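K.L.:
Can you read through this structure? Questions will come right after.
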There are 2 protein chains.
Amino acid sequence: MAKLIECIPNFSEGQNQETIDGLVKVAKSVPGVNLFDYSSDKSHNRSVFTLVGDEDGIQEVAFQLVKYASEHIDMTKHHGEHPRMGATDVVPFVPIKDVTVEECVEISKKVAKRINDELNIPIFLYEESASNPMRKNLAKVRKGQFEGMPEKLQEKDWAPDYGERKIHPTAGVTAVGARMPLVAFNVNLDTSDLSIAKKIAKVLRGSSGGYKYCKAIGVMLEDRNIAQVSMNMVNYEGTPLYRTFETIKFEAKRYGVNIIGSEVIGLTPAKALVDCAEYYLQIEDFDYQKQVLENHLLG
Amino acid sequence: MAKLIECIPNFSEGQNQETIDGLVKVAKSVPGVNLFDYSSDKSHNRSVFTLVGDEDGIQEVAFQLVKYASEHIDMTKHHGEHPRMGATDVVPFVPIKDVTVEECVEISKKVAKRINDELNIPIFLYEESASNPMRKNLAKVRKGQFEGMPEKLQEKDWAPDYGERKIHPTAGVTAVGARMPLVAFNVNLDTSDLSIAKKIAKVLRGSSGGYKYCKAIGVMLEDRNIAQVSMNMVNYEGTPLYRTFETIKFEAKRYGVNIIGSEVIGLTPAKALVDCAEYYLQIEDFDYQKQVLENHLLG
C-alpha cells in the first residue's frame, strides 16, 4: 500500500496575492500530491499550506515550494506579527498512512539536504528530526527571528544542521523536521474555578512531570462560565487521549469536580479515537491497519 | 467528495476456475471500481467478491458480473452446501463514504431493474431495499432455493419485485438490496457458564425485544473455557457497539460476572469505533465527516 505523508510548510507571505497564487500553482504541479488546504493571514503576513502525497511526491513538492518562496519572498522587507526566520519558515512532515515518524525523519533530512545543496539556505532540523534536544522545540530554534539569525548562527550551539553559519541573504533560515499529527483535545469541568483546571493541567503536562506527549493549560470558557483543561496531544500513540481523560477524571475528584464534556478541535486521525474505543471496549488484539475498512480504500 | 459504495455479490460457482477467472476479469474491467477481495469455497460451490467503487462504476460492475454469471453458470447443474437460488445469488450494496444507506437503496433498485430488463432474471429486493418486512431477511427470501423457486414465485406473497413469476431457466432468481456494513463484535465473560451468555444474548437481540440492530447468541470459547456473547451489529449507527457493551456489563453483574475483554472480527468501518470513543470521552459536537483526517484523503 502507498505511504501517505502530510507536509505543512509555512511561508512568510500572507499579503501579496501574486506570490501566494504562485505557491498554489507549484503546490498543484507535482504528481502524487494533493493540495489539501491553504490559508493566508494578512496580519501575520504568513501562509500555511497543507499537502498530502506519496513518498517521492511530497519531497519534490516541498523542495519546489521552498525554491519558489526563496525566489519570490524577500525577508529583508518582511513585516508580520508571527515570529519567522525564513521565506519558508518551517517544513514539517507528518506520517498519515503506512509510514512511521522515523521514516518521516529520513524524508525531512533528504529534503533539508537538497534545499541546502541547491538553494544554499541553512537548515535547522527540529522536532523528531532534531540533532539535539535543544533543537526539538521550534520556538527555541526560531528565537531571534530573521533579523537575529546572522548573529545566532555564530553562537557555539547554533551551527545549522545543513549549510554554513551564514543566512541566505533574502530567504534567511528554514526549519525542517518530522512530527506526529497533533490532536487538540479539551476537557470541560463542572466548575468556574480556573485554578482547578490549571492545577490539573500541570499534572498532565510533560514539561512539569506529567505525560511526555501532552501539552496542557487551564483556561476559562467565559461564555459558559466553566474551566477547561486545554491540551495539545503531540503524539497520540505515546500519550493516548483516554489516558489524559481518565487522569483528569480522577484528579478532578479531589476537588469534588466532574468532567462534563470534551472537545476535539479541528482534524484528528481516526486512529487517535479508535485507540480510545479499543481501551474502553477492552478489545483484544485489534489490528488497526488490517481491521479498519478505510485503510484498504486509501491509495 | 466522491461517494464510495461497496458491493459484495455472491456467485454460485466455487469450483470451475475458468468461470471464476472470468468473473475476476469482469470485476477488474470497470473504471472507478476496485476489486478489493474475492474468495471461492469449493464445498459451498460459491464465490464472494468484494468491490468498492463510485456511484456509476459500482452499478456498472454489478450488472456486468450478473450478466457474466448468467451466461456461464447453469443452476440446473449446481450442487453445493450453501443455500442458493441463482447464478448470482445475492447483490448487496453497502454505504462506505459520503453516501447514505438510502442512496444505496436507490442504487440497488436501479441495478435490479436493469438486470431484469436486459437479462430477464426475476429480482427480489431485500434488506433495506425490501418492499415489505417479509422480504428484509435473505433467508426467508431464499427459502426453497433454486429448485423450489418456480413454485414459490406462484405464491400470493412471492411475486418478484422486478420481472414475472417465472425463473430464468439457468440463472434462477437474484436478490438485490442495500444494507449497512456489518460489524462482528464479541464480548468475553469471566464465567464458564454458557447459560449466562445465552441469557444476556437474549436481552440484547432485537428479535427477542432487545436492540433493533443487534443479532446475538451465547457461545463457549472451549480453548479458554469462557462464555462469550457473540454479536452481529447490522447497523452500528442504529445500535452502537458501546451500548451493547455497557448493557452486557450491567446485565452480567446480576450473575456476579464481569467482562474480561472483547473482539472485533474482521473488518470494521472506523466510524463504528470512533462513535464509541465519542461516547466514552464525552466529546461534544463531533463532526465525523469534517474532523476525521482520513475522510479528506479518500477519493
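The values are calculated or read from the model by the stated rules, or taken from the named source; none is laboratory data. Predicted model only: the values in this text are computed from it and were never measured. Because the Cβ atoms are built from the backbone with ideal geometry, glycine has one as well, and the counts that use them run over all protein chains shown.
K.L.:
If A:Leu125 passes every condition in (1) assigned to a helix (DSSP H, G or I); (2) modelled with pLDDT of 95 or more but one, which one does it miss?
P.N.:
Of everything listed in (1) assigned to a helix (DSSP H, G or I); (2) modelled with pLDDT of 95 or more, A:Leu125 misses just condition (1).
Here's the yes/no breakdown for (1) over 20 Å from B:Val101 (Cα atoms); (2) touching a Leu at 6+ places or on another chain (Cβ under 6 Å); (3) among the charged types (D, E, K, R):
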site: B:Glu155; (1), (2), (3): yes, no, yes
site: B:Tyr162; (1), (2), (3): yes, no, no
site: B:Leu182; (1), (2), (3): no, no, no
site: B:Ala201; (1), (2), (3): yes, no, no
site: B:Tyr242; (1), (2), (3): yes, no, no
site: B:Tyr255; (1), (2), (3): yes, no, no
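K.L.:
Can you confirm whether A:Glu155 is among the acidic types (Asp, Glu) and either over 30 Å from A:Tyr236 (Cβ atoms) or in contact with a Lys or Arg (Cβ under 8 Å, 6 or more places away or on another chain) (or both)? Spell out the reasoning first.
P.N.:
Details: among the acidic types (Asp, Glu): yes; either over 30 Å from A:Tyr236 (Cβ atoms) or in contact with a Lys or Arg (Cβ under 8 Å, 6 or more places away or on another chain) (or both): yes.
Yes, satisfied.
K.L.:
Also, I was wondering about something else. Scan segment A:26-57 for residues that are over 16 Å from the mean Cα position of the chain (by Cα), closer than 26 Å to A:Pro83 by Cα and not hydroxyl-bearing (Ser, Thr, Tyr) and jot them down. Walk me through it before giving the result.
P.N.:
So in segment A:26-57, the residues over 16 Å from the mean Cα position of the chain (by Cα) come out as A:26-35, A:40-45, A:53-57.
Subsequent filtering for residues that are closer than 26 Å to A:Pro83 by Cα retains A:26-27, A:35, A:40-45.
Once the filter is applied, which keeps residues that are over 16 Å from the mean Cα position of the chain (by Cα), closer than 26 Å to A:Pro83 by Cα and not hydroxyl-bearing (Ser, Thr, Tyr), segment A:26-57 yields A:Val26, A:Ala27, A:Leu35, A:Asp41, A:Lys42, A:His44, A:Asn45.
K.L.:
Among the candidates A:Val66, A:Val91, which residue alone is over 30 Å from A:Asn295 (Cα atoms) and buried (at least 23 other Cβ atoms within 10 Å of the Cβ)?
P.N.:
Working: A:Val91 fails: over 30 Å from A:Asn295 (Cα atoms).
It is A:Val66.
K.L.:
Does B:Lys166 satisfy being of a type in the set (D, E, K, R), in contact (Cβ under 8 Å) with a residue 40 or more places away in the chain and outside the structural domain of B:Met231 (by TED's automatic domain parsing)? Full working, then the answer.
P.N.:
Details: of a type in the set (D, E, K, R): yes; in contact (Cβ under 8 Å) with a residue 40 or more places away in the chain: yes; outside the structural domain of B:Met231 (by TED's automatic domain parsing): yes.
Considered against the rule, which asks whether it is of a type in the set (D, E, K, R), in contact (Cβ under 8 Å) with a residue 40 or more places away in the chain and outside the structural domain of B:Met231 (by TED's automatic domain parsing), B:Lys166 comes out as yes.
K.L.:
Taking only segment B:178-231 into account, find how many residues are in contact with a strand residue (DSSP E or B) (Cβ under 7 Å, 6 or more places away or on another chain), under 26 Å from B:Tyr126 (Cβ atoms) and charged (D, E, K, R).
P.N.:
3
K.L.:
Starting from segment B:60-73, take each residue that is without any contact (Cβ under 8 Å) to a residue 40 or more places away in the chain and list its partners that are of a type in the set (Val, Ile, Thr) and surrounded by fewer than 24 Cβ atoms within 10 Å (Cβ to Cβ), counting only C-beta distances under 8 angstrom and pairs at least six apart or across chains.
P.N.:
Partner pairs satisfying both residue conditions: B:Glu60/B:Val30; B:Glu60/B:Val33; B:Gln64/B:Val26; B:Gln64/B:Val30.
K.L.:
Still on this model: Take segment A:118-142 and flag every residue that is under 18 Å from A:Lys166 (Cα atoms), surrounded by fewer than 21 Cβ atoms within 10 Å (Cβ to Cβ) and either among the aromatic types (Phe, Trp, Tyr) or out of contact with any helix residue (DSSP H, G or I) (no Cβ under 8 Å at 6 or more places or on another chain) (or both).
P.N.:
Within segment A:118-142, A:Asn120 is the sole residue that qualifies.
K.L.:
Right, something else. Can you find a residue that is surrounded by 23 or more Cβ atoms within 10 Å (Cβ to Cβ), in a helix (DSSP H, G or I), without any contact (Cβ under 8 Å) to a residue 60 or more places away in the chain and within 17 Å of the chain's Cα centre (by Cα) anywhere in segment B:107-115?
P.N.:
No, segment B:107-115 has no match at all.
K.L.:
Out of all the residues in segment A:179-193, which are buried (at least 16 other Cβ atoms within 10 Å of the Cβ) and under 12 Å from A:Ala252 (Cα atoms)?
P.N.:
Step one: filter segment A:179-193 for residues buried (at least 16 other Cβ atoms within 10 Å of the Cβ), giving A:179-183, A:185-189, A:191.
Listed by number, the residues that qualify are A:Val187, A:Asn188, A:Leu189, A:Thr191.
K.L.:
Looking only at segment B:204-211, decide whether some residue is closer than 30 Å to B:Val111 by Cβ and either free of Cβ contacts under 8 Å to residues at least 24 places away in the same chain or away from chain A (no Cβ under 14 Å) (or both).
P.N.:
Applying the first criterion (closer than 30 Å to B:Val111 by Cβ) to segment B:204-211 yields B:206-207.
In the following step, the residues that additionally are either free of Cβ contacts under 8 Å to residues at least 24 places away in the same chain or away from chain A (no Cβ under 14 Å) (or both) were identified as B:206-207.
There is at least one residue in segment B:204-211 that is closer than 30 Å to B:Val111 by Cβ and either free of Cβ contacts under 8 Å to residues at least 24 places away in the same chain or away from chain A (no Cβ under 14 Å) (or both).
K.L.:
May I ask you to list the residues in segment A:228-278 that are in a helix (DSSP H, G or I), more than 9 Å from every other protein chain (Cβ to nearest Cβ) and within 22 Å of the chain's Cα centre (by Cα)?
P.N.:
A:Arg243, A:Thr244
K.L.:
Residue by residue through segment B:128-172, note down the ones that are assigned to a helix (DSSP H, G or I) and of a type in the set (A, V, I, L, M, F, W, C).
P.N.:
Residues of segment B:128-172 that are assigned to a helix (DSSP H, G or I), as a first pass: B:133-135, B:138-142, B:145-152, B:156-158.
Passing the criteria: B:Met134, B:Leu138, B:Ala139, B:Val141, B:Phe146, B:Met149, B:Trp158.
K.L.:
Touching a strand residue (DSSP E or B) at 6+ places or on another chain (Cβ under 6 Å) and without any contact (Cβ under 8 Å) to a residue 12 or more places away in the chain, is that true of B:Lys77? It would help to see each step written out before you state the result.
P.N.:
Numbers: touching a strand residue (DSSP E or B) at 6+ places or on another chain (Cβ under 6 Å): no; without any contact (Cβ under 8 Å) to a residue 12 or more places away in the chain: yes.
Criteria not met by B:Lys77.
K.L.:
How about segment A:52-82: which of its residues are of a type in the set (Asp, Glu), in a loop (DSSP other than H, G, I, E, B) and away from chain B (no Cβ under 14 Å)?
P.N.:
First, the residues of segment A:52-82 that are of a type in the set (Asp, Glu): A:54-56, A:60, A:71, A:74, A:81.
Applying the additional criterion that residues be in a loop (DSSP other than H, G, I, E, B) yields A:54, A:74, A:81.
Of everything in segment A:52-82, those that are of a type in the set (Asp, Glu), in a loop (DSSP other than H, G, I, E, B) and away from chain B (no Cβ under 14 Å) turn out to be A:Asp74, A:Glu81.
K.L.:
Here is a further query. Of the conditions (1) of a type in the set (D, E, K, R); (2) modelled with pLDDT of 95 or more; (3) assigned by TED's automatic domain parsing to the domain that holds A:Pro9; (4) over 21 Å from A:Ala69 (Cβ atoms), A:Lys136 fails just one. Which one is it?
P.N.:
(2)
K.L.:
Something else about it: State all residues of segment B:57-100 that are β-branched (Val, Ile, Thr) and modelled with pLDDT under 95; if no residue qualifies, say none. Working first, answer last.
P.N.:
In the first step, residues of segment B:57-100 are kept if they are β-branched (Val, Ile, Thr); the result is B:58, B:61, B:66, B:73, B:76, B:88, B:90-91, B:94, B:96, B:99-100.
Across segment B:57-100, the qualifying residues are B:Ile96, B:Val99, B:Thr100.
K.L.:
Only residues that are touching a residue at least 24 places away in the same chain (Cβ under 8 Å) and either in a loop (DSSP other than H, G, I, E, B) or closer than 24 Å to B:Asn295 by Cα (or both): list them for segment A:36-51, please.
P.N.:
Quick first cut of segment A:36-51, residues touching a residue at least 24 places away in the same chain (Cβ under 8 Å) only: A:36, A:40-51.
Residues satisfying the conditions are A:Phe36, A:Ser40, A:Lys42, A:Ser43, A:His44, A:Asn45, A:Ser47, A:Val48, A:Phe49, A:Thr50, A:Leu51.
K.L.:
Further question on the same structure: Counting only residues that are part of a helix (DSSP H, G or I) and either among the charged types (D, E, K, R) or more than 7 Å from chain B (Cβ to nearest Cβ) (or both), how many does segment A:279-299 have?
P.N.:
The initial filter retains those residues of segment A:279-299 that are part of a helix (DSSP H, G or I), namely A:279-280, A:288-291, A:293-296.
Filter once more, keeping what is either among the charged types (D, E, K, R) or more than 7 Å from chain B (Cβ to nearest Cβ) (or both): A:279, A:288-290, A:294-295.
Result for segment A:279-299: 6.
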